[in-house]
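S.K.: One structure, as structure tokens, below. Some questions next.
The values are calculated or read from the model by the stated rules, or taken from the named source; none is laboratory data. All values reported here derive from a predicted model rather than from experimental measurement. For neighbour counting, all protein chains shown are included, and Cβ atoms are generated from backbone atoms with ideal geometry for every residue, glycine included. These accessible areas exclude ligands, DNA and RNA; they are computed on the full protein's heavy atoms, side chains included. Shrake-Rupley method; radii C 1.70, N 1.55, O 1.52, S 1.80 Å.
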Amino acid sequence: QVQLAESGGGLVQPGGSLRLSCEASGFRFSNNFMTWYRQAPGKEREWVAGISSSGGTTNYADSVKGRFTISRDNTKNTVYLQMNYLKPEDTAVYYCYAPRLAHWGQGTQVTVSS
């Protein structure tokens, strides 16, 4: 069955970096547009970034543009989110989402705090 497994979250100080990974299985990953979302406490889930099936096209929410980079390795069925210059307002649970399959991962917690 379709599975998306996020990893790489944790506690980091403001200005620090983290790289999230989302390993996919159970579907043809290389044919699918992939996205990252996040949900902060008490807020709605929001879209963060998306990447085309080939990796040639990426787009970002204004709040993360210039700080986050989405990428993918289709040989490893994995999509990544490199997060630099992290801010306390980036604190959230980060989710991998496959729109065509309407399938979510379980999420990974990112906490930015000194």
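S.K.: Leaving out ligands, DNA and RNA, what percent of the accessible area of the chain is carbon and sulfur, probe 1.4 Å?
M.R.: After summing per-atom areas, the C and S share lands at 45 percent.
S.K.: So what are the ³J(HN,Hα) numbers for segment 42-58, from phi and the Karplus equation (6.51, -1.76, 1.60; θ = phi - 60°), rounded to whole Hz, Gly and Pro as x?
M.R.: x, 10, 6, 5, 10, 6, 10, 7, x, 9, 5, 4, 7, x, x, 10, 10
S.K.: Which of the aspartates and glutamates could be linked to LYS76 by a straight reach, that is with a Cα gap under 17 Å, when you skip same-chain ones fewer than 8 residues away?
M.R.: Once the sequence-local aspartates and glutamates are set aside, what remains near LYS76 is GLU6, GLU23.
S.K.: Shifting gears a bit: Any number yet on Rg/Rh for the chain, C-alpha, Kirkwood?
M.R.: 0.95
S.K.: Quick one: net charge around TYR80, please, counting Lys, Arg +1 and Asp, Glu -1 for every other residue with C-beta under 9 Å from its C-beta.
M.R.: +1
S.K.: Okay, moving on. Can you list the lysines whose alpha carbon sits under 19 Å from that of LYS43, skipping same-chain ones fewer than 8 residues off?
M.R.: The qualifying lysines are LYS87.
S.K.: Give the accessible surface of the chain per residue, rounded to a whole number of Å², with probe radius 1.4 Å and ligands, DNA and RNA excluded.
M.R.: Dividing the accessible area of the chain by its residue count gives 52 Å².
S.K.: Can you tell me what share of the DSSP beta bridges in the chain is antiparallel? A percent to the nearest 5 is fine.
M.R.: Of the beta bridges lying entirely in the chain, close to 90 percent run antiparallel.
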